[in-house]
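The values are calculated or read from the model by the stated rules, or taken from the named source; none is laboratory data. For clarity, every value in this text was computed on a predicted model and none was experimentally measured. Methodologically, a virtual Cβ is constructed for each residue, glycine included, from the backbone with ideal geometry; neighbour enumeration extends over all protein chains shown.
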Amino acid sequence: MKSVGEVVDFRPHALVRVLLHSLRRVWMWVGIALMATAFFALLGVLSFENVSFVVPVTALSYMGGAIGASVFQGERVSRKRWIGILLVCIGVSLVIIGHG
């Protein structure tokens, strides 16, 4: 939402203006659609898998977020963050192996 800008005025009129400006952004709607898809996919998976398996696997979104930030936004992800993400992925792998 860098194109919308920071909210600095919290009066109702200013907040409505920021909201309306945000709703005109295509990427906002793409994000909402993707979040809805992810939510319903999670509900679908929870209908046949245990919560104790599904919830840890959702931690893989940290990897997706970091890759997306570096590829699509050009953000620099530090070595420490990549190591942390790798540790999370190793933990998820252990959960998946233990589930089998």
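Under the condition of being of a type in the set (Val, Ile, Thr) and in contact (Cβ under 8 Å) with a residue 12 or more places away in the chain, the residues counted in the stretch 26-65 number 3.
When each of Val77, Val54, Val88 is tested for being more than 26 Å from Ser22 (Cα to Cα), of a type outside the set (S, T, N, Q), assigned to a loop (DSSP other than H, G, I, E, B) and not assigned by TED's automatic domain parsing to the domain that holds Ser22, the lone residue that passes is Val77. If only residues of the stretch 1-19 that are of a type in the set (A, V, I, L, M, F, W, C) and surrounded by fewer than 10 Cβ atoms within 10 Å (Cβ to Cβ) are counted, the one that is nearest to Ala69 (Cα to Cα) is Val8. Just to be sure, is Val92 surrounded by fewer than 13 Cβ atoms within 10 Å (Cβ to Cβ) and among the aliphatic types (A, V, I, L, M)? It is false that Val92 is surrounded by fewer than 13 Cβ atoms within 10 Å (Cβ to Cβ) and among the aliphatic types (A, V, I, L, M).
Would you mind telling me which numbered condition in (1) among the hydrophobic types (A, V, I, L, M, F, W, C); (2) within 28 Å of Trp27 (Cα to Cα); (3) over 18 Å from the mean Cα position of the chain (by Cα) Phe53 fails? Only one criterion is unmet by Phe53, namely (2). From the list Ser78, Ser47, Ser52, Ser70, the one residue that fits, being surrounded by 13 or more Cβ atoms within 10 Å (Cβ to Cβ) and among the polar types (S, T, N, Q), is Ser70.
Given the condition in a loop (DSSP other than H, G, I, E, B) and either more than 19 Å from the chain's Cα centre (by Cα) or on the phi < 0 side of the Ramachandran plot (or both), answer yes or no: does some residue in the stretch 37-48 qualify? Yes, the stretch 37-48 has at least one match. In the stretch 1-25, what residues are among the polar types (S, T, N, Q) and either assigned to a helix (DSSP H, G or I) or free of Cβ contacts under 8 Å to residues at least 12 places away in the same chain (or both)? Result: Ser22, single match.
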